[in-house]
Each structure stands twice: as structure tokens, then as C-alpha cells.
Amino acid sequence: MKHYIETRHEKFVTDFQTIVNIDSSSDNKDGIEKVARFFEDRFRNIGLDTEISFLGKNKVPCLYAEHKQENKPFDIMFLGHMDTVFPTGEVEKRPFSIKGNKAFGPGVCDMKGGLLVVLHVLETLKHEGILDSLSVCVAFNGDEETGSNASKEWIMSTAKKSLRTFVFEPCRPGYRFVLQRKGGGWFHVIVKGQEAHAGADPEKGINAVVELAHKIVEINKLNQNNTETSAQVTVVTGGDKVNIIPNRAEASVDVRILKIEEKERIETFFKTLTEHPYLKGSEITIQGSIKRPPMEPGDATYKLWELIRSTGKKIGLPMEWISTGGCSDGNYTSATGTPTIDGMGIVGANSHRADEYAALDSIDNMVLLVSQVCRAIGEENELRR
């Protein structure tokens, strides 16, 4: 077994280099498909029925694999994404590299390391003869970083057929897993005014920037609450020349909610924002909505976490769970009522940054942890038969 683990670790690192060195930004469909083909071959080698689909009008590559013996729900859904935020050409600038205990490269922890945890867990379960006692499915999409617009329904329909979902976003340093995530969405505020000469006859104008400024103040008040809702104005544009009253101004707003009940309140707020302009004659238009539901843990999620935590304790991992404001596809699976644990991937940090890294000494720990949890689920299945 020791030799197998050592060989597995070496193979993991080799696989790591292979897939990190494939540019797979969300708009690079060829690169995403190359990543999918890599996993397609390996999953088929261990007996999984595997298929690559091209979803939505943009034909987003998504990989699905399953091992199912009976017409029952899947014991486990393994969920991950193959796209990264980094543009094509990033690999040439900074390919996969290792410095000490850390691996670097585009998407190394978010989340190509997590995809490999899935692969090596399933290969380990096959090697140990455990896979046949489980019914599992794998869903890797190619558009998570842009909102999973093409794959959202596919993910949710798969979750509905599963008893539990493990999401392989990076595990946080210190082996911190994610049980709760904020949901959210983006809103766009557009103000139309009336241009005029700023010096000769400003009274003939309607200053869209001034109107927008008042709306921004109102939006910012959404942060003054005890529900942990946040509303951040992040991009603002308006005006063309210094001597012209601006006739158009726009603002983008990032909103995050912890409770699903907040969705109606926030969307109603933005709808009514158009009703009372500060400047007579200005016109306000709102676009957007809350698209990702919050990931809210229930009793079944806490029970699943206890299985994972107790398994980690047996192998010496100091584990805890956290809540985060960031979203993932775990928001969607949780919204279906499927118990969802996120952060099941390789330990890493600094996602979406050039100094993003994955901790190499977490490879064996995460593969072992997830394999042992799967073993426990498989043993429970055997007792029920």
C-alpha cells in the first residue's frame, strides 16, 4: 500500500502539470475540451460510463461520468469546473512549477487540483475494490467562472438524482471546508439625463451623474443591516467631456445574500429605485437579479459533515468548516435540497491571482480523506443489503 500511495502521489503531480499547462479560460472552448478529454480517458479506464456534452448556445464543454449498478439515487455526486479565469497565453507566461511545498500555475487550486482529487479518489476506490459498492457520478462543467449559465440546469438536475454532493473547490489552508456560501447576483443601474453646456446653460441639462450619485447612496444603505447582505457598487461610468452636462451614467452592483429570504427584498428594492428620481426628468433603468441562491446548510448537511470530520480526525487532520461570501456551483446543488460539502479539493489559496498556489503535502491527505469517506458510505450500503 505504501508503494501504491507513493506512486499515486508521483502520478498526481505528473497529471497536475499536464492539465495546468492547458489554457482553459472560460472563453477557450478548445482548451476546456482538452481538459475534458484527459479526464474522459482516465474515467473510462476504470469503468465509468463517460460522455462529453456541449451545452448552451456557446457549446460549453461539460464532462459527465457515472458508475451505477441500480436504479437508485447516486450515493455521491462529484462536482467541479474545468475553466479558469486566466486568459489564453497565461500558461506560456507562467507554466506549472513547484517551489518547495507549493505548486503554481493558472488554475492550480481553482480548481484543477480539485479535479485531480476526484480522479485519484475514484482510481483508488477502483484499486481497493470499493467502487463497486458505490453508485457515483461526476459532473465537470466549463463555465463556472462566468456564472454556469449553460450548465446550471444540468448541474441541478444531476444533484436531484444524488444523495449528497462533494464540490472540489480548494480546501482552505488549515483544512477548512465550506458548508455555507452567500448567494448573489449583479445589478446594472442606467441613468438617462439631458446634455447641456456646463457653463453657458447648465439649467437646460439633467445631470445623469448627479442622479446616479444619489442612487449609489441609497444602494449603499443596503449594507446597513443585520442579515449579512452586502451591496457593493464596483464599476461607475458617466460623462464624455468636462464642459458638457452628462446625459448618461451607469453603475454595476455586486450583491451577496446569506439567506434566500433576502432575494425578494433586494429585487424589490432595485425595482422601486426607478420610481423616485432625485432630478426631475431623469430616467432610471435597472437590469439584473439574484441568480445564485445561497448555500444554506441543513441538518442533513451537518450530519454529512460529521462523517467527514470524524474521518479526518482518525487520520490526524485538524478540520473545521467555514462560511464564505464567494459563490460556487455548490450554491445550485444545495438549493435542490441535496446535502452539499464544498472545499473538498486540494488545499490552496490566492485564487484568481498570479500567486495562486496549491499545497503539495495536502495531495495524499485529501485523496485519503475522500476515499475513506466514500469507503464508509460504501460499507453502509453493504450493511443495508
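The values are calculated or read from the model by the stated rules, or taken from the named source; none is laboratory data. Everything numeric here is computed off the predicted structure, so don't read it as measured data. When we count neighbours, we look across all protein chains shown, and the Cβ atoms used for this are built from the backbone with ideal geometry, even at glycine. What goes into the accessible areas is simple: the full protein's heavy atoms, side chains included, and nothing from ligands, DNA or RNA. Shrake-Rupley method; radii C 1.70, N 1.55, O 1.52, S 1.80 Å.
Can you say whether Asn247 is closer than 28 Å to Glu203 by Cβ, surrounded by 15 or more Cβ atoms within 10 Å (Cβ to Cβ) and polar (S, T, N, Q), as far as the supplied structure shows? Quick ask: steps written out before the conclusion?
On the way: closer than 28 Å to Glu203 by Cβ: yes; surrounded by 15 or more Cβ atoms within 10 Å (Cβ to Cβ): yes; polar (S, T, N, Q): yes.
The answer is yes for Asn247.
Here's the yes/no breakdown for (1) polar (S, T, N, Q); (2) at positive phi; (3) in contact with a helix residue (DSSP H, G or I) (Cβ under 7 Å, 6 or more places away or on another chain):
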{"site": "Thr50", "(1), (2), (3)": "yes, no, yes"}
{"site": "Phe54", "(1), (2), (3)": "no, no, no"}
{"site": "Ile76", "(1), (2), (3)": "no, no, yes"}
{"site": "Pro95", "(1), (2), (3)": "no, no, no"}
{"site": "Asn101", "(1), (2), (3)": "yes, no, yes"}
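Of (1) more than 30 Å from Ser328 (Cα to Cα); (2) of a type outside the set (D, E, K, R); (3) in contact with a helix residue (DSSP H, G or I) (Cβ under 6 Å, 6 or more places away or on another chain), Val233 satisfies all except one. Which?
(1)
For the range 307-321, give me each residue that is more than 23 Å from the chain's Cα centre (by Cα) and exposed (fewer than 14 other Cβ atoms within 10 Å of the Cβ). Outline the logic, then answer.
In the first step, residues of the range 307-321 are kept if they are more than 23 Å from the chain's Cα centre (by Cα); the result is 307, 310-318.
Hits for the range 307-321 are Ser310, Lys313, Lys314, Ile315, Gly316, Pro318.
Tell me which residues, restricted to the range 163-222, are β-branched (Val, Ile, Thr) and open to solvent by less than 10 Å² (accessible area, probe 1.4 Å). Even if it seems obvious, please write down each step before you answer.
Filtering the range 163-222 for residues β-branched (Val, Ile, Thr) gives 165, 167, 178, 189-191, 206, 209-210, 216-217, 219.
Thr165, Val167, Val178, Val189, Val191, Ile219 - these are the residues of the range 163-222 that are β-branched (Val, Ile, Thr) and open to solvent by less than 10 Å² (accessible area, probe 1.4 Å).
Are any residues in the range 292-315 of a type in the set (D, E, K, R) and in a loop (DSSP other than H, G, I, E, B), and if so, which ones?
If we filter the range 292-315 for residues that are of a type in the set (D, E, K, R), which is where we start, we get 292, 296, 299, 303, 306, 309, 313-314.
If the condition is that a residue be of a type in the set (D, E, K, R) and in a loop (DSSP other than H, G, I, E, B), then Glu296 is the only one that fits.
Identify, by number, the condition in (1) free of Cβ contacts under 8 Å to residues at least 40 places away in the same chain; (2) outside any helix (DSSP H, G or I); (3) surrounded by 15 or more Cβ atoms within 10 Å (Cβ to Cβ) that Val253 doesn't meet.
With respect to (1) free of Cβ contacts under 8 Å to residues at least 40 places away in the same chain; (2) outside any helix (DSSP H, G or I); (3) surrounded by 15 or more Cβ atoms within 10 Å (Cβ to Cβ), Val253 is out only on (1).
Just to be sure I understand, how many residues within the range 1-20 are under 21 Å from the mean Cα position of the chain (by Cα) and either basic (Lys, Arg) or open to solvent by 30 Å² or more (accessible area, probe 1.4 Å) (or both)? Write out each step before concluding.
Within the range 1-20, the first condition is being under 21 Å from the mean Cα position of the chain (by Cα), and the residues that meet it are 16, 19-20.
Adding the requirement that they be either basic (Lys, Arg) or open to solvent by 30 Å² or more (accessible area, probe 1.4 Å) (or both) leaves none.
The number of residues fulfilling the criteria is 0.
Could you tell me whether any residue of the range 285-303 is over 30 Å from Val373 (Cβ atoms), of a type in the set (Asp, Glu), open to solvent by 70 Å² or more (accessible area, probe 1.4 Å) and out of contact with any helix residue (DSSP H, G or I) (no Cβ under 8 Å at 6 or more places or on another chain)?
First, the residues of the range 285-303 that are over 30 Å from Val373 (Cβ atoms): 285-291.
Add one more test, that the residue is of a type in the set (Asp, Glu), and what stays is none.
The answer is no; no qualifying residue exists.
Given Ala359, Ala354, Ala349, which one is exposed (fewer than 13 other Cβ atoms within 10 Å of the Cβ) and among the aliphatic types (A, V, I, L, M)? First the steps, then the outcome.
On the way: Ala359 fails: exposed (fewer than 13 other Cβ atoms within 10 Å of the Cβ); Ala349 fails: exposed (fewer than 13 other Cβ atoms within 10 Å of the Cβ).
Step by step, each of Ala359, Ala354, Ala349 is checked, and only Ala354 is exposed (fewer than 13 other Cβ atoms within 10 Å of the Cβ) and among the aliphatic types (A, V, I, L, M).
Give me the residue from the range 35-76 that is of a type in the set (Lys, Arg) and without any contact (Cβ under 8 Å) to a residue 24 or more places away in the chain and, out of that set, surrounded by the fewest Cβ atoms within 10 Å (Cβ to Cβ).
Arg44
What are the pairs, 6+ residues apart or on separate chains, where a residue within the range 85-104 that is basic (Lys, Arg) has its Cβ under 8 Å from a residue that is open to solvent by 50 Å² or more (accessible area, probe 1.4 Å) and at pLDDT 95 or above?
As it stands, the answer is Arg94/Ala354, since those pairs meet every condition given.
Could we say that Ile260 is within 23 Å of the chain's Cα centre (by Cα) and within 19 Å of Asp329 (Cβ to Cβ) here? Talk me through it step by step, then tell me what you get.
Details: within 23 Å of the chain's Cα centre (by Cα): yes; within 19 Å of Asp329 (Cβ to Cβ): yes.
Considered against the rule, which asks whether it is within 23 Å of the chain's Cα centre (by Cα) and within 19 Å of Asp329 (Cβ to Cβ), Ile260 comes out as yes.
Just one of the numbered conditions (1) in a helix (DSSP H, G or I); (2) under 26 Å from Gly337 (Cβ atoms) is not true of Ser289; which one?
Status for Ser289: all satisfied but (1).
What are the residues in the range 77-136 that are small (Gly, Ala, Ser), at pLDDT 95 or above and crowded, with 17+ Cβ neighbours inside 10 Å, if any?
Hits for the range 77-136 are Gly80, Ala103, Gly105, Gly107, Gly113, Gly114, Ser135.
Residues Glu306, Glu250, Glu267, Glu320: which one is farther than 30 Å from Glu195 by Cβ, modelled with pLDDT of 95 or more and in contact with a Gly (Cβ under 8 Å, 6 or more places away or on another chain)? I'd like the intermediate steps shown before the answer.
On the way: Glu306 fails: in contact with a Gly (Cβ under 8 Å, 6 or more places away or on another chain); Glu250 fails: farther than 30 Å from Glu195 by Cβ; Glu267 fails: in contact with a Gly (Cβ under 8 Å, 6 or more places away or on another chain).
Answer to the selection: Glu320.
Considering only residues of the range 23-48 that are out of contact with any helix residue (DSSP H, G or I) (no Cβ under 8 Å at 6 or more places or on another chain) and of a type in the set (A, V, I, L, M), which is nearest to Tyr64 (Cα to Cα)?
That would be Ala36.
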